[in-house]
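Trainee: Here's a structure for you.
Read-outs: derived from the displayed coordinates by stated rules, not from any lab. Model, not experiment: these values are computed from the prediction. Every residue, glycine among them, receives a Cβ derived from its backbone with ideal geometry; neighbour counts consider all protein chains shown.
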Amino acid sequence: MKVHLLRCLVNPATLSGIILFTASCFMVTDQPHLLMLTAAQLILVPVMLLQILELSRLHRIIIWIAMLSVFLLQFVSLSGGKLLLSFIYVSFTLLVAANGLKRFSRRGFTNLAEISIDVGLMYLFIGGLWFFAYINGVDTGFNPLITWLTAIHFHYSAFLLPISLGLFGRMHGSTLYRWIVPVILAGPMLVAIGITFWPILEVLSVLLYILAIYSLIGLSFRTRFASRLQAFLIRISYSALGVTILFSMLYALNSAFGYWYVSIEFMLLFHGLVNCIFFGLACVIGWAASPPASKQETWTFPVSRIKGRCEWSGKKHPGLVDNLKDFVDVDSLPHSIVHFYEHTEEYQLTASVKWAAWFMPLALCFKLISRRMQQLNLPLSSKRTEMTGEILQVDPDMDGREHPRVWVRKVKHSTVFAAIYSRHETNGRTFMNIALPLPHSSMVGILQLKELNGSLILSSEGEGDPGVYLAGGDSLLKLPLSEHFLIRETSRGSLAASHNMKIFGMHFLNIEYLIHRKI
């Protein structure tokens, strides 16, 4: 632990930041409160980046140049010089945000701890923009002090806190933690919107933020850390937020209702100083003592290389799978379910599509796109209609997966789905690997199969591979979508299937199928 702490704190970038900040303390004498943002830019941000990103030599040089530009702004008076130096810093924050977006694109909507870190990295760019506006006197609609406070807000509350929360999440993953993260991640934007447009929203968001912060404090005292030093510093860090957020609440009440509970001078001295030292510094040193490793797993399953709209051709194939027993124990399943998957061409489908009322406006907009793509082109009406189609073999060299075949389903002459079915195995379990080609990308559904009371369930929910992904280039982004199929026998030779989909855990689509064997 001591070795890692020394390596993180005693390195060229960190030492340069400390030296530049010390020099800044002697230069900024008329407005010492400005040093709170300088401390974040020269010390806290670089040290935190060293812990969470794999930085090349070029990246370290860029960090050093950004730190130097912040330092030189202390005594450069020419507008051209300020513009150049502040542009260098905002470009640096853009690079950090790009790394956050890159991290997210490799993983998507999974692993809340890593998402928190990603969002923190992306928020820094907003802080950089507000800093640029302050330095160059850009009219933001607020006085210069509020512009500066917004910049510091996005360096501390929107950068340091989400990253600290993400590192904490690598050690703790309770249900309460999964509630805290969205509230804290949304907090900086809600507060900023409230300050700008609606003070009551600022009060409400701060109230929710307070609840999340105090819940986080409680979790920190129930979590086992790598060392006593780390436990002490992280708990001090979160507890400091618990104190300063109360004064933020009083200040928000003043903005909303006109009562002067806390002055801006007090907020600058007390609130700013406590956040800088007891939150920011304690947070950075605490995690530098022993940063927890990421628990994110790397997906290794094959992904279809076919993208875009295709004109399907090839030999006909009888079914979606060759042997259903490769996926699930078929001994407890009715023969008709097994036969349907292995001889799909022998069955006729009718479907009733039901969109959730809240999602219908989005479905209407998407229909304009899906009709042109001839993909995911579902009817808007819930009227039961026949789906026709065929299953064709796909060249495995073109697709890149094992024994691919495409199931093209149509309503009248319009293609509804063109899904390429394949399979893969992970840790001894076989999953259904389905790709829906999209422009320059594909949507990938990894489904696990199980038997339940004589019915077959296919689900994208579960640990490991199952999920709905967007594949494009080298990226595989897990989407906040889930799908669940339930297939049961209704009578000899007849089946019923229910396909339910959710987004962010909210139901938005149901498709009810009736499946009959052709006569």
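Trainee: From the residues Val468, Pro361, Pro334, which one has its Cα farthest along the dipole of the stretch 324-517 in the positive direction, the dipole being from +1 and -1 charges on Cβ of Lys/Arg and Asp/Glu about the Cα centre?
Mentor: Sorting the options by dipole projection puts first Pro361.
Trainee: Would you please give the FRET efficiency between Lys412 and Trp358, computed as 1/(1 + (r/R0)^6) with r the Cβ-Cβ distance and R0 = 25 Å, to the nearest 0.05? Walk me through the numbers on the way to the answer.
Mentor: Details: r = 28 Å, r/R0 = 1.14.
Step by step, r from the Cβ atoms, then E = 0.30.
Trainee: Let me ask you something else. Between Cys25 and Lys367, what FRET efficiency comes out of the Förster formula 1/(1 + (r/R0)^6) with R0 = 45 Å and r the beta carbon distance, rounded to 0.05? Don't jump to the answer; show the numbers that get you there.
Mentor: Values: r = 61 Å, r/R0 = 1.35.
E(calc), rounded to 0.05, equals 0.15.
Trainee: Using only Cα atoms and rounding to the nearest 10 degrees, what angle (0 to 90) does helix 79-105 make with the longest principal axis of the chain?
Mentor: Between helix and principal axis, roughly 30 degrees.
Trainee: Step through the table entries Lys383/Lys518; Lys367/Lys478; Lys307/Lys518, compare each Cα-Cα distance with 28 Å, and write down the pairs that go over it.
Mentor: Working: Lys383/Lys518 22 Å; Lys367/Lys478 23 Å; Lys307/Lys518 33 Å.
Listed pairs above 28 Å: Lys307/Lys518.
Trainee: Full-extension gain between Arg384 and Arg57, please, as 0.36 nm times their residue separation minus the C-alpha to C-alpha distance. Don't skip to the end; give the middle numbers.
Mentor: On the way: separation 327, 0.36 × 327 = 117.72 nm, distance 6.15 nm.
That works out to 111.6 nm of additional length.
Trainee: Obtain the nm distance between the two label points defined at Ser174 and Glu311 by a simple spin-label model: each point lies 7 Å from its Cα along the Cα-to-C-beta direction.
Mentor: According to this spin-label approximation, the distance is 6.1 nm.
Trainee: Would you be so kind as to identify which of Leu219, Leu378, Leu241 lies farthest towards the positive end of the dipole of the chain, taking Lys and Arg as +1 and Asp and Glu as -1 on Cβ and the Cα centre as origin?
Mentor: Value computed over the given set: Leu378.
Trainee: I've got another one for you. Please give the length that would be gained between Ile277 and Ile519 if that part of the chain were fully extended, namely 0.36 nm times their separation in residues minus their C-alpha to C-alpha distance (nm, one decimal).
Mentor: On the way: separation 242, 0.36 × 242 = 87.12 nm, distance 7.80 nm.
Gain on stretching Ile277 to Ile519: 79.3 nm.
Trainee: Right, something else. Once you have a ≥ b ≥ c as the square roots of the Cα gyration tensor eigenvalues for the stretch 382-454, tell me rounded if a/c is under 1.5, and otherwise prolate or oblate according to whether a/b is larger than b/c.
Mentor: Because a/c hits 1.5 or more and a/b fails to exceed b/c, the stretch 382-454 counts as oblate.
Trainee: Given a Förster radius of 22 Å and the C-beta distance between Trp64 and Asn136 as r, what FRET efficiency does 1/(1 + (r/R0)^6) yield to the nearest 0.05?
Mentor: Working: r = 23 Å, r/R0 = 1.04.
Efficiency, from the Cβ-Cβ distance: 0.45.
Trainee: Work out how much length Ser491 to Ser475 would gain on full extension: take 0.36 nm times their residue separation and subtract the Cα-Cα distance, in nm to one decimal.
Mentor: On the way: separation 16, 0.36 × 16 = 5.76 nm, distance 4.44 nm.
Length gained between Ser491 and Ser475: 1.3 nm.
Trainee: Moving to a separate point now. In terms of modelled amide H atoms, which long-range or inter-chain residues lie less than 5 Å from the amide H of Thr490?
Mentor: It is Leu495, Ala496, by chain and number.
Trainee: What does the helix-only formula give at 222 nm for the chain: each DSSP H stretch with n ≥ 4 adding -39500 (n - 2.57), the total divided by the residues, and the result rounded to the nearest 500 deg cm²/dmol?
Mentor: Numbers: 16 runs with 233 residues, N = 519.
Calculated mean residue ellipticity at 222 nm is -14500 deg cm²/dmol.
Trainee: Compute the helix-to-body angle for 144-155: its Cα long axis versus the longest principal axis of the chain, expressed 0 to 90° and rounded to tens.
Mentor: 50 degrees
Trainee: Another question, then. Counting alpha carbon pairs within less than 8 Å and at least 6 residues apart, what relative contact order, in whole percent, applies to the stretch 324-517? Mind showing how you got there, number by number?
Mentor: On the way: 425 pairs, mean separation 39.4, N = 194.
Reported as a whole number, the value is 20 percent.
Trainee: Right, another one. Using the number of other C-beta atoms within 10 angstrom as an exposure proxy, rank Arg107, Arg372, Arg517 with the fewest first. Mind showing how you got there, number by number?
Mentor: Details: Arg107 20, Arg372 11, Arg517 15.
Ordered by Cβ neighbours within 10 Å, fewest first: Arg372, Arg517, Arg107.
Trainee: Among 364-370, 318-324, 120-126, what's the highest-first ranking by average C-beta atoms within 10 angstrom per residue?
Mentor: On the way: 364-370: 12.9, 318-324: 16.9, 120-126: 25.1.
Taking the mean over residues of other Cβ atoms within 10 Å, the ranking is 120-126, 318-324, 364-370.
Trainee: Once both axes come from the Cα atoms, what is the angle between helix 228-257 and the longest principal axis of the chain, in degrees from 0 to 90, rounded to 10?
Mentor: Around 80 degrees separate the two axes.
Trainee: Related question: In nm, give the distance between the simple-model label positions of Ser459 and Ser77, each being 7 Å from the Cα along the Cα-to-Cβ direction.
Mentor: 7.0 nm
Trainee: What distance in nm lies between label points placed 7 Å from Cα along the C-beta direction at Phe87 and Leu207?
Mentor: With each label point 7 Å from Cα toward Cβ, the separation is 4.6 nm.
Trainee: Turning to a different aspect of this structure: Give me a comma-separated list of calculated 3J(HN,Hα) values for the stretch 110-118, in order, Karplus coefficients 6.51, -1.76, 1.60 applied at θ = phi - 60°, integers in Hz, x for any Gly or Pro.
Mentor: So the J values, rounded to whole Hz, are 8, 6, 4, 4, 6, 4, 4, 5, 4.
Trainee: Using the charge dipole of the chain (Lys, Arg: +1 at Cβ; Asp, Glu: -1 at Cβ; taken about the Cα centre), state which of Thr430, Phe301, Leu35 has its Cα farthest towards the positive end.
Mentor: After comparing all options, I get Thr430.
Trainee: Express the relative contact order of the chain as a whole percentage, based on alpha carbon pairs under 8 Å and six or more residues apart in sequence.
Mentor: Values: 899 pairs, mean separation 58.8, N = 519.
Value for the chain: 11 percent.
Trainee: Hey, got the dipole for the chain? About the Cα centre, +1 on K and R Cβ, -1 on D and E Cβ, debye to the nearest 20? Intermediate values should be presented prior to the final figure.
Mentor: On the way: 42 positive and 31 negative charges, 43 e Å.
In total the dipole reaches around 200 debye.
Trainee: Can you compute the equivalent ellipsoid semi-axes for the chain, i.e. the square root of 5 times each eigenvalue of the Cα gyration tensor, sorted largest first and rounded to whole Å?
Mentor: Value: 53, 24, 23 Å, ordered largest first.
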